[in-house]
Amino acid sequence: MKRKPFFYPIARAICVFIFNVIYPTEIQNGKCLPKDESVIVCSNHVSNLDPVMINYSQKRMVLFMAKKELFKNKLFAKFIESLGAFPVDRGQDGGKAIENAKKLLQEGNCIGVFLEGTRSKTGELGRGHGGAFMIAHQTNTPIIPCCITPSEKFLKKRKKTKITYGEPVTCEELGIVEGTTKEYREAARRFMEILAQMREKQRSEFQE
């Protein structure tokens, strides 16, 4: 299992301030991740702070494949690297990133994937991609849904955000049997429906 970086405790301390004061965040079912088994956390994507928010919500480090553009600012790059993020050039080394993710899972790590591939431009859920389910199927790894929902359309300072975790889902439950591209696409569609149900519940709670 990958060891936590030297600066991880410092990054975590910064997260406590960010998500208690600047972007107040409520965590629901945050203790559902296994302590030392491989697992994939699949989430929607609302802001550049999503990898940081997810790691703040867990005691276990969640390793994220993050687009290389996030690493242009050296200070922010050091911060997110301390929380387990690593850069990926989506246009060039997608295959390498997948192999790296599979290796991390085989070593017992937890990795995070944003199913939509990029941040939502509308604040609504987008179309999910099948790559995470291919990785899950080939490594026999369960998947945990994670839904991030701001009280406003987008993440805003001083406005509350909910981050909710669902129960683990297996590839078989998503209809993946033979590992075909069609099955992965259908699994992505089904999984986005799970996230949509979680989001609907979160939004109803904001109105209570």
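The values are calculated or read from the model by the stated rules, or taken from the named source; none is laboratory data. From a predicted model like this one, the values you see are computed outputs, not experimental measurements. Virtual Cβ from ideal backbone geometry, glycine too; neighbours counted across all protein chains shown. Remember, those area values only see protein heavy atoms, side chains included, never the ligands or the DNA or RNA. Shrake-Rupley method; radii C 1.70, N 1.55, O 1.52, S 1.80 Å.
Taken over segment 24-33, the criterion of being open to solvent by less than 40 Å² (accessible area, probe 1.4 Å) and either polar (S, T, N, Q) or within 18 Å of the chain's Cα centre (by Cα) (or both) is satisfied by THR25, GLN28, GLY30, CYS32, LEU33. Does at least one position in segment 87-95 carry a residue that is open to solvent by less than 30 Å² (accessible area, probe 1.4 Å) and polar (S, T, N, Q)? No, because not a single residue in segment 87-95 is open to solvent by less than 30 Å² (accessible area, probe 1.4 Å) and polar (S, T, N, Q).
Total residues in segment 34-55 satisfying the condition of being outside any helix (DSSP H, G or I), under 9 Å from the mean Cα position of the chain (by Cα) and surrounded by fewer than 22 Cβ atoms within 10 Å (Cβ to Cβ): the figure is 1.
Filter segment 61-74 down to the residues that are at pLDDT 90 or above and assigned to a loop (DSSP other than H, G, I, E, B), then identify the one that is least open to solvent (accessible area, probe 1.4 Å). I'd like the intermediate steps shown before the answer.
At the first step, the residues of segment 61-74 found to be at pLDDT 90 or above are 61-63.
Next, from what is left, pick out any that are assigned to a loop (DSSP other than H, G, I, E, B): 61-62.
Numbers: MET61: 17, VAL62: 0 Å².
Ranking the qualifying residues of segment 61-74, first place goes to VAL62.
Filtered by the rule that a residue be surrounded by 13 or more Cβ atoms within 10 Å (Cβ to Cβ) and not small (Gly, Ala, Ser), segment 160-172 gives LYS160, THR161, LYS162, ILE163, THR164, TYR165, PRO168, VAL169, THR170, CYS171.
For the criterion of being within 16 Å of ALA132 (Cβ to Cβ) and either over 16 Å from the mean Cα position of the chain (by Cα) or open to solvent by 50 Å² or more (accessible area, probe 1.4 Å) (or both), GLU152 fails. In the set ILE135, ILE143, only one residue is under 14 Å from the mean Cα position of the chain (by Cα), under 30 Å from GLU69 (Cα atoms), surrounded by 21 or more Cβ atoms within 10 Å (Cβ to Cβ) and among the aliphatic types (A, V, I, L, M); that residue is ILE143. Residues in segment 173-183 that are among the hydrophobic types (A, V, I, L, M, F, W, C), surrounded by 12 or more Cβ atoms within 10 Å (Cβ to Cβ) and part of a loop (DSSP other than H, G, I, E, B): ILE176 alone. Would you be able to say whether some residue in segment 102-119 is surrounded by 13 or more Cβ atoms within 10 Å (Cβ to Cβ) and of a type in the set (Ser, Thr, Tyr)? Among the residues of segment 102-119, not one is surrounded by 13 or more Cβ atoms within 10 Å (Cβ to Cβ) and of a type in the set (Ser, Thr, Tyr), which makes the answer no. Within the bounds of segment 100-114, is there any residue that is touching a His at 6+ places or on another chain (Cβ under 6 Å) and under 26 Å from MET198 (Cα atoms)? Within segment 100-114, one or more residues are touching a His at 6+ places or on another chain (Cβ under 6 Å) and under 26 Å from MET198 (Cα atoms).
Looking only at segment 1-23, count every residue that is aromatic (Phe, Trp, Tyr) and open to solvent by 70 Å² or more (accessible area, probe 1.4 Å) and tell me the total.
First, pick out the residues of segment 1-23 that are aromatic (Phe, Trp, Tyr): 6-8, 17, 19, 23.
Checking which are open to solvent by 70 Å² or more (accessible area, probe 1.4 Å) leaves us with 6-7, 17.
Total meeting the criteria: 3.
Per the conditions (1) surrounded by 14 or more Cβ atoms within 10 Å (Cβ to Cβ); (2) touching a residue at least 40 places away in the same chain (Cβ under 8 Å); (3) farther than 23 Å from MET61 by Cβ; (4) out of contact with any His (no Cβ under 9 Å at 6 or more places or on another chain), the sole criterion not satisfied by GLU186 is (2).
Cβ separations smaller than 7 Å between residues 6+ apart or across chains give the following pairs from segment 1-26 residues that are within 27 Å of GLU107 (Cα to Cα) and hydrophobic (A, V, I, L, M, F, W, C) to residues that are open to solvent by 40 Å² or more (accessible area, probe 1.4 Å) and not in a helix (DSSP H, G or I): MET1/ASP36; MET1/GLU107. All conditions but one from (1) of a type outside the set (Phe, Trp, Tyr); (2) under 28 Å from LYS157 (Cβ atoms); (3) open to solvent by 40 Å² or more (accessible area, probe 1.4 Å) apply to ILE98; the one that does not is (2).
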